[in-house]
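What follows is a set of notes on a single structure, which appears directly below.
The values are calculated or read from the model by the stated rules, or taken from the named source; none is laboratory data. Note that the structure is a prediction, hence the values are computed from the model and not measured. Glycine gets a Cβ as well: all are built from the backbone with ideal geometry, and neighbour counts include every protein chain shown.
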Amino acid sequence: MNRTVSSALSALATLTLLGAAHAAPVPSKAQQLALFRVTALANATVTPATLAATGSAEMVAIPADYLYNRDVNVKAYDLDAFLRARIPNVDELAQQGAQVMFWCIDGYAPMAKLSDVLGAGGLIAVADADAPEGVTWPDAPYKNTVLKADAIGNYVVWRDAKYPAKPQPWGLATIYVLPADAAIRK
């Protein structure tokens, strides 16, 4: 073996040992979420057209709504019907332990077990049924800001379950189905 090859092998061995001694840094939450989106088992984009393709919207009363802190009558689509129309094997994925990630326009992405979401009375609310003509959602005070209608957009609500038992994200853009072992590492 010539000297150059021997030196290169020695350097590679040293780097390998050094790399093994230091654990790789945990990717940022944003990087992990981006990877989840690319490696998802399935996904369903939430748009007016994809919602309408699942059936008619219904008017539903949501008592003590999380975002508005009051009873709200919403125009909403059934979450189960939406998922089954867009992801035909969603029930099988739930039985396999898959998770669901609700990807929102502001980057928020709560996750839950898919089996906990299916059959739990989830709705994708698209408007406050009592809002004035031309208004989908009234402004909503949240923390130190006020959310406007375009930020609220598609809002996940539950017929019976309350936050934090079930995620209630607003600004929903896409629903991803992830493998059972998908988890945000810190």
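Quick one: which of Gln95, Gln99 is in contact with a helix residue (DSSP H, G or I) (Cβ under 9 Å, 6 or more places away or on another chain) and at pLDDT below 95?
Of the residues listed, the single one that is in contact with a helix residue (DSSP H, G or I) (Cβ under 9 Å, 6 or more places away or on another chain) and at pLDDT below 95 is Gln99.
In the stretch 1-27, what count of residues is obtained for those that are surrounded by 10 or more Cβ atoms within 10 Å (Cβ to Cβ) and modelled with pLDDT of 50 or more?
Residues meeting the conditions: 2.
From the residues in the stretch 80-113 that are of a type in the set (Phe, Trp, Tyr), under 11 Å from the mean Cα position of the chain (by Cα) and not in a loop (DSSP other than H, G, I, E, B), which one is surrounded by the fewest Cβ atoms within 10 Å (Cβ to Cβ)?
The qualifying residue surrounded by the fewest Cβ atoms within 10 Å (Cβ to Cβ) is Trp103.
Being of a type in the set (Phe, Trp, Tyr) and at pLDDT 90 or above, is that true of even one residue in the stretch 131-138?
Yes, the conditions are met somewhere in the stretch 131-138.
Listed here are the residues, each with its yes/no results for (1) within 30 Å of Ser28 (Cβ to Cβ); (2) touching a Ser or Thr at 6+ places or on another chain (Cβ under 9 Å); (3) touching a residue at least 12 places away in the same chain (Cβ under 8 Å).
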site	(1), (2), (3)
Val72	no, no, yes
Tyr77	no, yes, yes
Phe82	no, yes, yes
Val90	yes, no, yes
Tyr108	yes, no, yes
Met111	yes, no, yes
Leu123	no, no, yes
Pro132	no, no, no
